[in-house]
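The values are calculated or read from the model by the stated rules, or taken from the named source; none is laboratory data. All of these numbers come straight from a predicted model, not from anything done at the bench. Cβ atoms come from the backbone with ideal geometry, glycine included; neighbour counts cover every protein chain shown.
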Amino acid sequence: MKFGVVVFPGSNCDADAYHAFRDVLGKPTTYLWHKDHDLKGVDCVILPGGFSYGDYLRSGAIARFSPLMREVCEFADKGGLVLGICNGFQVLLELNLLPGAMLRNKRLKFLCQYVTIRIENDKTAFSRKGTKGQVLRIPIAHFDGNWYAPPETVKEIEDNGQVVFRYCDTEGRLSEESNVNGSLNAIAGLSNKRGNVCGMMPHPERAVESILGSEDGLVILRSLLEKIS
Amino acid sequence: MNTRLHDDKVLALHNITADEYDLITKLVGREPNLTELGIFSAMWSEHCSYKSSKVHLKTLPTKAANVVQGPGENAGIIDIGEGRVIVFKIESHNHPSYIEPFQGAATGVGGILRDIFTMGARPVALMDSLRFGPLDNPKNRSIMEGVVSGISSYGNSIGVPTVGGEVYFNECYSLNPLVNVFCLGLAEKDKIFYAKTDDVGNAILYVGAKTGRDGIHGASMASQEFGEDTEAKRPNVQVGDPFKEKLLVEACLEVMERKIIVGIQDMGAAGLTCSTTEMPAKSGTGVEIDLDLVPQREKGMTPYEILLSESQERMLIAARPDQVPAVKAAFAKWDLDAVEIGKVTSDGRLKCRFHGSLVVDIPVSAVVDLCPAYHRPWEEPAVPTKSPSASRRPLPKDYNDVLRKLLSSPTIANKEWVYRQYDHMVLTNTALLPGAGAAVLRIRGSRKGLAMTVDGNGRYAKLDPRTGGKAAVAEACRNLTCVGAKPIGVTNCLNFGNPEKPGVMGQFKAAVEGLGQACEAFGIAVTGGNVSFYNETEGIAIDPTPVLGIVGLIEDIDKVVTPGFKAEGDAVILLGRNAEEFEGSEYLEIIGLPSAGPPPDVDLDREIAVQETLLEAIAEGLVRSANDPSEGGVAVCAAECAFHSPERIGCDLNFDDDLRPDAILFGESQARILLTVRPENAERVLEIAEKRDVPAKVVGTTGGHSLRIRHLDRLLVDLPVAMARKLWMEALPDYFANPKSS
């Protein structure tokens, strides 16, 4: 299983994702330069966090036009695994690989903190090492993570089991308070219908070593180690 | 001299005295033209030349075995072993942050980052020391919101974590907020870069953002003088573009990693002028540039404007001619301009051409090295020798009430409202989240860790600048010690009023002496920093505020100690001794009594002995938590330990000192540390303390869910941890959610 971390101008969690896959998980990992048209034969594409193109105009709005996104879309269409973290999630929304859009956090402030999220669907390529209802402690760091979609879209993704993670309290209960950014249905991470593309606002790559305070992100990253049959 | 090329008004607008003008004329060999005058004005300004402060700064200890680079470069460098160095510095952005809080603070972050990566280091941590006026004033709230958002915006976008800092509130900062930004970078020892040009014939390249008319020193004067189309007066505060800077970081680090340049300097204060004079001055060369080649954002800029613009996110690079194509390609990859604007010459002069004619021709050494140093008149500060009214002060009726007020005081209250807006985890090295006395970073590929803190206390320094200087060093080192780090290097940011006033100059001199003495005692070198004078508005100066940024090394990252209580039934030990020292305390502030006596005494020998005791106990693996009593004293210190405990474990403490109980609970005596150990290890810690003649005793145990503090067995404080924590957590956000006055 080979991983590719896309580098946009302004990506700033690219090195963290690279470190998590290569050094912590010990997997072959390579950077993918946004101007290239080459996925270098990777099995999983990571769109990392950061401020691609400064997040000017709108988070992720310019990055979707990067040359490499053509290959990423083709890769996704063929069933390749794509994980977008934070800004990477925003880019996936702009690419229409995932439904919905991001609004500013409900209290209009940037939020960097640990949150707890609950695994809603443990059958996906991004969560299969966990169990449904399992609570993971993982950090967030974003200004625009308040996921929104029209009611019919929300119903559809809920019905399809596309919600992979939801913000919850430490006991796994949903509450107004634990839904820190105000996302509809407390959605922290969701997949496409086919289940090969996932976007999430929390940063699993920041929670892979005990020295940093949590290893819960490993549940997500390790889920990616097996190819989908 | 009425025959001067420039009249008194022009000189005044350039802050150049008649004597300085005569000196410039002598050094240049003729009278300077207006552009040249602008260059001298910027480079001989207080900010760039340290002309009022350098005679005093020279007294600071700058040498130690681990110092790779002391003051004089963009930042200081300390060797941390294993082939690695840290590059770090603190700098003020006070004035711009008052005028335009968001951009002022944001560009403060951008500026200090450039100082670090220009030396070949990847910036890995930011911290901020912030001071504002009281939050019941809406103006102060708006300044604070702006400053915090500005730091958040720039730091988060560029992807360097803001891992810690401090925030103080005092009336004296209402019209003069302080924004001091600290940055630390990591580099390999053999890949450090300096601001130099090396050989004659090397190319001078301009990289990064285009030059505009922002932040031009004396721009208004220039337009008056020329009588050309009078531009609308531009704001003096520059606008930051963190995205551009992120690209610049990556491109610069790439060309440095590949060693395809010879020297590099950022264009900060005084812009192109600063880099085109300092780089050749260090190499004993000259530089000739063509101003028409400088990438410009606006049409019709004059040489004066191009040279003195302080547009952000720009760097100057010197490279051998054969390296130029590779440098250009590296910057092109990141969509950045890299334009060859000139070359290194042998004549020691800065020559600038504009539309074909020579518009600047001056010796670089005159600009960089020959600014006069001033021995400004100073008055020894009048320091109170004893607290006149202390014995007559009534004791509090309700100690619980005092503690509740202290915990809700913005200076003491939890700062999560601030640091939650900063990405403090990006780069995944943050081993201790913000909120403790020091930040801790792991170093990848090493067992070691780095701790860092910024500290200062203007109230102590106001009462006695010398002691205030010492106290800032002592407390910063104590904060590092409490997480298990040994201090290794210092940077300082000295915030004062107008140095032309002998009283202010006296404060400065005394504070520098005090902090120098303390650094010497701790055996740590000052590797650089920044002086910010003229923090005065409407004739009111701030309290003298020396802020210290000190870095510590942790030998074993797995042995990091945190402030939170770890388990019920642990022994609580107080190292150091209590005394009746209230002056300058937060306690007097909240009960509304003026501070008039001397601030808490700083006994450096005792301070060092206390800290060494703690470090030895930590090295033996005995210490489960440590925290030092500072603002709010022992009571607040113990409360913080409970608040930081994930299980909110309380404590029951009893003090038997024959002192006023309010002094024991809320006094701010220095050289004290509250630590916890398993009960069976208490004896060993007391032995370690005794070996060093450090007073130490078991003052209680952890347990329960209340904070209980007794004096001679009389229960003075009894508060549920959860309730006290709520006050402490909500005080700051409450000011912004439910303003107490508008």
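Conditions (1) touching an Asp or Glu at 6+ places or on another chain (Cβ under 8 Å); (2) among the aromatic types (Phe, Trp, Tyr); (3) assigned to a helix (DSSP H, G or I), marked per residue:
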| residue | (1), (2), (3) |
| --- | --- |
| A:TYR167 | no, yes, no |
| A:GLU171 | no, no, no |
| A:GLU176 | no, no, no |
| A:ASN179 | no, no, no |
| A:ALA188 | no, no, no |
| A:ARG194 | no, no, no |
| A:PRO202 | no, no, no |
| A:LEU218 | no, no, yes |
| A:LEU225 | no, no, no |
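Restricting the first residue to the stretch A:34-49 and requiring it to be closer than 20 Å to A:ASN12 by Cβ and among the basic types (Lys, Arg), which pairs with a second residue that is surrounded by 15 or more Cβ atoms within 10 Å (Cβ to Cβ) and at pLDDT below 95 meet a Cβ separation below 6 Å and a spacing of at least six or different chains?
none
Restricting attention to the stretch B:49-72, does a residue exist that is on the phi > 0 side of the Ramachandran plot and modelled with pLDDT of 95 or more?
No, the stretch B:49-72 has no match at all.
For the condition within 14 Å of another protein chain (Cβ to nearest Cβ), surrounded by fewer than 24 Cβ atoms within 10 Å (Cβ to Cβ) and either out of contact with any Lys or Arg (no Cβ under 8 Å at 6 or more places or on another chain) or within 19 Å of B:LEU186 (Cα to Cα) (or both), what is the one hit in B:GLY435, B:GLY445?
B:GLY445
In the stretch A:1-30, what count of residues is obtained for those that are surrounded by fewer than 16 Cβ atoms within 10 Å (Cβ to Cβ) and either within 20 Å of B:ASP241 (Cβ to Cβ) or within 14 Å of chain B (Cβ to nearest Cβ) (or both)?
Looking only at that region, the number is 2.
Please determine, by comparing only the residues of the stretch B:319-346 that are more than 14 Å from chain A (Cβ to nearest Cβ) and among the charged types (D, E, K, R), which one is farthest from the chain's Cα centre (by Cα).
Result: B:ASP322.
Sort out which residues of the stretch A:50-94 are of a type in the set (A, V, I, L, M, F, W, C), within 15 Å of A:PHE8 (Cα to Cα) and part of a loop (DSSP other than H, G, I, E, B), and write them in order of number.
Across the stretch A:50-94, the qualifying residues are A:PHE51, A:ALA61, A:ILE62, A:CYS86.
Can you work out which of the residues in the stretch A:1-27 that are in a loop (DSSP other than H, G, I, E, B) and of a type outside the set (A, V, I, L, M) is farthest from the chain's Cα centre (by Cα)?
A:GLY26
Is it the case that B:SER129 is surrounded by fewer than 24 Cβ atoms within 10 Å (Cβ to Cβ) and either more than 13 Å from chain A (Cβ to nearest Cβ) or more than 17 Å from B:ASP455 (Cβ to Cβ) (or both)?
When the stated conditions are applied, B:SER129 does not pass them.
At least 3 residues that are closer than 26 Å to B:ARG725 by Cβ in each: list the helices (runs of 4 or more DSSP H) lying fully within the stretch B:331-436 that qualify.
Helices (runs of 4 or more DSSP H) meeting the threshold: B:399-408, B:416-419.
Being more than 23 Å from B:ASP369 (Cα to Cα) and hydroxyl-bearing (Ser, Thr, Tyr) is true for just one of B:SER275, B:SER311, B:SER283. Which residue is that?
Of B:SER275, B:SER311, B:SER283, the one residue that is more than 23 Å from B:ASP369 (Cα to Cα) and hydroxyl-bearing (Ser, Thr, Tyr) is B:SER311.
Can you name the residue in the stretch B:199-246 that is aliphatic (A, V, I, L, M) and at pLDDT below 80 and is also farthest from B:GLU100 (Cα to Cα) among such residues?
Here the residue is B:ALA222.
Please enumerate the residues belonging to the stretch B:289-316 that are in contact (Cβ under 8 Å) with a residue 12 or more places away in the chain and either over 23 Å from B:GLY356 (Cα atoms) or among the small types (Gly, Ala, Ser) (or both).
The answer is B:SER309, B:GLU310, B:SER311, B:GLN312, B:GLU313, B:ARG314, B:MET315.
Residue by residue, here is whether (1) in a strand (DSSP E or B); (2) surrounded by 20 or more Cβ atoms within 10 Å (Cβ to Cβ); (3) away from chain B (no Cβ under 14 Å) holds:
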site	(1), (2), (3)
A:MET102	yes, yes, yes
A:CYS112	yes, yes, no
A:ASP122	no, no, yes
A:SER127	no, yes, yes
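In the stretch B:453-524, which helices (runs of 4 or more DSSP H) lie fully inside it and hold 1 or more residues that are β-branched (Val, Ile, Thr)?
B:465-482, B:502-522
Of all residues in the stretch B:532-570 being among the acidic types (Asp, Glu) and under 21 Å from the mean Cα position of the chain (by Cα), which is modelled with the highest pLDDT?
That would be B:ASP543.
Give the residue that is surrounded by the fewest Cβ atoms within 10 Å (Cβ to Cβ), with candidates limited to residues of the stretch B:246-258 that are of a type outside the set (A, V, I, L, M) and within 10 Å of chain A (Cβ to nearest Cβ).
It comes out as B:GLU250.
Tell me which strands (runs of 3 or more DSSP E) are completely within the stretch B:74-144 and hold 2 or more residues being within 29 Å of B:GLU257 (Cβ to Cβ) and under 13 Å from the mean Cα position of the chain (by Cα), or say none if there are none.
Fully inside the stretch B:74-144 and qualifying: B:84-92, B:122-132.
Scanning the stretch B:415-432 for residues that are within 7 Å of chain A (Cβ to nearest Cβ) and aliphatic (A, V, I, L, M), which turns out nearest to B:GLY185 (Cα to Cα)?
Among residues in the stretch B:415-432 that are within 7 Å of chain A (Cβ to nearest Cβ) and aliphatic (A, V, I, L, M), the one nearest to B:GLY185 (Cα to Cα) is B:LEU427.
Residues that are within 20 Å of B:SER153 (Cβ to Cβ), among the charged types (D, E, K, R) and crowded, with 19+ Cβ neighbours inside 10 Å: does the stretch A:57-66 have at least one?
The answer is no, given that none of the residues of the stretch A:57-66 is within 20 Å of B:SER153 (Cβ to Cβ), among the charged types (D, E, K, R) and crowded, with 19+ Cβ neighbours inside 10 Å.
Test of understanding: among A:SER175, A:SER214, A:SER223, A:SER183, which residue is away from chain B (no Cβ under 14 Å) and touching a residue at least 40 places away in the same chain (Cβ under 8 Å)?
Only one candidate passes the filter, namely A:SER223.
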